[in-house]
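Everything on this sheet refers to the single structure shown next.
The values are calculated or read from the model by the stated rules, or taken from the named source; none is laboratory data. Here the structure is a predicted model, which is why all the values come from computation and not from measurement. Counting neighbours? That spans all protein chains shown, and the Cβs are built from the backbone with ideal geometry, glycine included. Just so you know, the surface numbers come from the protein's heavy atoms only, side chains and all, with ligands and any DNA or RNA stripped out. Shrake-Rupley method; radii C 1.70, N 1.55, O 1.52, S 1.80 Å.
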Amino acid sequence: MALRRANGSRVLPSAPDVNPTRSSDYLIAHACFGCKKSWKMLPDEKSHVCPQCGQAVSIMGRSFKVPKKNDSEQWEKVRKLWEAGFRFYSYRSHPDVEPLPERLSEVDDFIVRNPGHPFRTSRQ
């Protein structure tokens, strides 16, 4: 092996280019309400677009659970919550807060009852 290294016929694999101060990218769920699909994307970019239809996608939060594409009721529930300013985060930091509603029929009452909910980023 030493002879092959010396004449150049033995190429040593290089170490991967790793930056020890940088961790893996922090991805946030984004959803397209038109296509009823979700992607995890970097949060630092200003305008993300849907890879399929080209419309702007909505930032949902790290704990967003994507409904099935054919579950129109759940997609409508998610859309209404998003339009009211709610985002989908972990309850670990807020264990005593009322959880987001399970059904579309509960959304309007939930929005009225929770004007200061910690997962509500804005009141629209």
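Among the residues of the stretch 67-105, the one identified as at pLDDT 95 or above, open to solvent by less than 40 Å² (accessible area, probe 1.4 Å) and among the basic types (Lys, Arg) is LYS77.
Just one of the listed residues (SER122, SER93, SER105) is without any contact (Cβ under 8 Å) to a residue 40 or more places away in the chain, among the polar types (S, T, N, Q) and under 15 Å from ILE59 (Cα atoms), namely SER122. Residues in the stretch 106-117 that are assigned to a loop (DSSP other than H, G, I, E, B) and loosely packed, with under 14 Cβ neighbours inside 10 Å: PRO115, GLY116.
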